[in-house]
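Participant: Mind having a look at this structure? Questions to follow.
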Amino acid sequence: MSAVAEPLPAHTLRPATRADLPTVLALLADEDQVVDPATVVVTEAYERAFAAIDTDPRNEMLVLVEDGGVVVGCLQVTYIPGLGKGGAERALIEAVRIRADRRGDGLGRTLMAHAVTRARSRGCALVQLTSNKQREDAHRFYAALGFARSHEGFKLAL
């Protein structure tokens, strides 16, 4: 995955705090337009989910923050132990979002570079992700970062 760009110094990737929750939910609510975090209803279910992620050492909700403190992106990483790859962990990245009005500025590359660096420093043997088959722009983006299509995924809604 050497094609992933090095993180830009003007941005920081850090664990999300409870105060970031409305902004993260706004990013996840609509990837095509900017949603005002003040309009987001943080339900008890979201509170529980965030608390579970926040207290689990194998899960991270991470936010990309500009120097001025503005959250411009997020992603969730789950570190999965396994017997493959010599017993090394793998990092599963999900919920990747860059604020709609900031796409095309290289922030997605920065966000992913930070996440890959974090996984590498943790000792992960690989980083994996899934992407909806209809998100062709996202597929080109991940391929440009060095991610290879390797498996066919399946889901079962419960």
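The values are calculated or read from the model by the stated rules, or taken from the named source; none is laboratory data. Note that the coordinates shown come from a computational prediction; the quantities given were computed from them, not determined experimentally. Note: ideal-geometry Cβ built from the backbone for every residue, glycine included; neighbour counts use all protein chains shown. What goes into the accessible areas is simple: the full protein's heavy atoms, side chains included, and nothing from ligands, DNA or RNA. Shrake-Rupley method; radii C 1.70, N 1.55, O 1.52, S 1.80 Å.
Participant: Check GLY86, GLY106 and return the single one that is at pLDDT below 95 and over 17 Å from the mean Cα position of the chain (by Cα).
Facilitator: Answer to the check: GLY86.
Participant: Suppose the filter is touching an Asp or Glu at 6+ places or on another chain (Cβ under 8 Å), of a type in the set (A, V, I, L, M) and assigned to a helix (DSSP H, G or I); does ALA138 pass it?
Facilitator: So ALA138 does not fit the description; no.
Participant: Now for a separate question. Of everything in the stretch 115-134, what is over 15 Å from the mean Cα position of the chain (by Cα) and in a loop (DSSP other than H, G, I, E, B)? Give them in sequence order.
Facilitator: GLY123, CYS124, ALA125, LYS133, GLN134, listed by residue number.
Participant: Pick from the stretch 29-55 the residues that are more than 19 Å from the chain's Cα centre (by Cα) and assigned to a loop (DSSP other than H, G, I, E, B): which of them is farthest from ARG97 (Cα to Cα)?
Facilitator: Only one residue tops the list, namely THR43.
Participant: If the Cβ limit is 8 Å and pairs must be 6+ apart or interchain, which residue in the stretch 137-154 that is at positive phi pairs with which residue that is outside any helix (DSSP H, G or I)?
Facilitator: GLY146/MET1; GLY146/SER2; GLY146/ALA3; GLY146/VAL4
Participant: Go through (1) modelled with pLDDT of 95 or more; (2) touching a strand residue (DSSP E or B) at 6+ places or on another chain (Cβ under 8 Å) one by one and return the number of the condition ARG48 breaks.
Facilitator: (2)
Participant: OK, next. Residue check, ALA95 against (1) on the phi > 0 side of the Ramachandran plot; (2) exposed (fewer than 12 other Cβ atoms within 10 Å of the Cβ), all met but one. Which one?
Facilitator: (2)
Participant: A follow-up question, please. Limited to the stretch 112-128, what total is found for residues that are open to solvent by 40 Å² or more (accessible area, probe 1.4 Å) and not polar (S, T, N, Q)?
Facilitator: Number of matching residues: 6.
Participant: Scan the stretch 48-74 for residues that are in contact with a helix residue (DSSP H, G or I) (Cβ under 9 Å, 6 or more places away or on another chain), of a type in the set (A, V, I, L, M, F, W, C) and within 15 Å of ALA95 (Cα to Cα) and report the count.
Facilitator: Number of matching residues: 8.
Conditions (1) surrounded by 10 or more Cβ atoms within 10 Å (Cβ to Cβ); (2) modelled with pLDDT of 95 or more; (3) closer than 26 Å to ASN132 by Cα, marked per residue:
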residue	(1), (2), (3)
LEU8	yes, no, no
PRO15	yes, yes, yes
ALA19	no, yes, no
LEU27	yes, yes, yes
GLU44	no, yes, no
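Participant: Please go through the stretch 141-158 and pick out each residue that is within 15 Å of the chain's Cα centre (by Cα) and outside any loop (DSSP other than H, G, I, E, B).
Facilitator: PHE141, TYR142
Participant: Another one. Name the residue that is nearest to GLN128 (Cα to Cα), counting only residues in the stretch 66-80 that are among the aliphatic types (A, V, I, L, M) and crowded, with 18+ Cβ neighbours inside 10 Å.
Facilitator: Residue satisfying both the conditions and the ranking: VAL77.
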